[in-house]
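Report on one structure; see the data block that follows.
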Amino acid sequence: LDVRRGLRCPRTLWEMGQTGYPAVDAVMNQLRTEGWMHHLARHLAACFLTRGDLWVSWELGRDVFDKHLVDADWSINNFSWHWLSCSAFFHQYFRCYSL
């Protein structure tokens with residue numbers, strides 16, 4: 001991820017779909033333009049932000065999804081971000097995706 005472009009922060013590049021990773025950029029652009037994305041695309045975006053390349057707190061991703069999703073639900077969104085960032089305590093830790 002080239003953050004030197006205009007000295008923008010990685011989270012902003014992720015939200016605007018300008019990371020340089022085509023799949024991540026496509027799903028983030030879909031989120032911003034349509035207000036929706038497939039659940040596996042949500043997993044891709046969350047894993048990339050929190051554990052894949054950027055190592056940003058899950059709360060920032062949650063806020064972006066709350067802002068753009070037309071089907072945003074506070075409790076589901078928070079739980080999903082906890083789970084996908086591997087921040088939550090649950091018994092099947094081995095089920096988290098790895099990039």
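The values are calculated or read from the model by the stated rules, or taken from the named source; none is laboratory data. Predicted, not measured: the structure shown is a model, and the values here were computed from it. Note that each Cβ is placed from the backbone with ideal geometry, even for glycine, and that neighbours are counted across all protein chains shown. Remember, those area values only see protein heavy atoms, side chains included, never the ligands or the DNA or RNA. Shrake-Rupley method; radii C 1.70, N 1.55, O 1.52, S 1.80 Å.
Annotations
- Taken over segment 82-94, the criterion of being in contact with a Phe, Trp or Tyr (Cβ under 9 Å, 6 or more places away or on another chain) and either open to solvent by 40 Å² or more (accessible area, probe 1.4 Å) or at pLDDT 90 or above (or both) is satisfied by 82, 83, 86, 87, 90.
- Selection from segment 34-43 of residues that are surrounded by fewer than 20 Cβ atoms within 10 Å (Cβ to Cβ) and either of a type in the set (Phe, Trp, Tyr) or assigned to a helix (DSSP H, G or I) (or both): 34, 36, 39, 40, 41, 43
- Screening residue 25 against (1) of a type outside the set (Phe, Trp, Tyr); (2) in contact (Cβ under 8 Å) with a residue 12 or more places away in the chain; (3) surrounded by 14 or more Cβ atoms within 10 Å (Cβ to Cβ) leaves a single unmet condition, (2).
- Residues of segment 44-56 satisfying the condition of being at pLDDT below 90 and either open to solvent by less than 50 Å² (accessible area, probe 1.4 Å) or part of a helix (DSSP H, G or I) (or both): 47, 50, 51, 52, 54, 56
- Any hit, segment 49-70, residues being polar (S, T, N, Q) and more than 19 Å from residue 10 (Cβ to Cβ): no
For every residue, the table says whether it meets (1) open to solvent by less than 70 Å² (accessible area, probe 1.4 Å); (2) at pLDDT 90 or above; (3) out of contact with any Leu (no Cβ under 7 Å at 6 or more places or on another chain); (4) in a helix (DSSP H, G or I).
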position: 29; (1), (2), (3), (4): yes, yes, yes, yes
position: 32; (1), (2), (3), (4): no, yes, yes, yes
position: 70; (1), (2), (3), (4): no, yes, yes, no
position: 80; (1), (2), (3), (4): yes, no, yes, yes
position: 99; (1), (2), (3), (4): no, no, yes, no
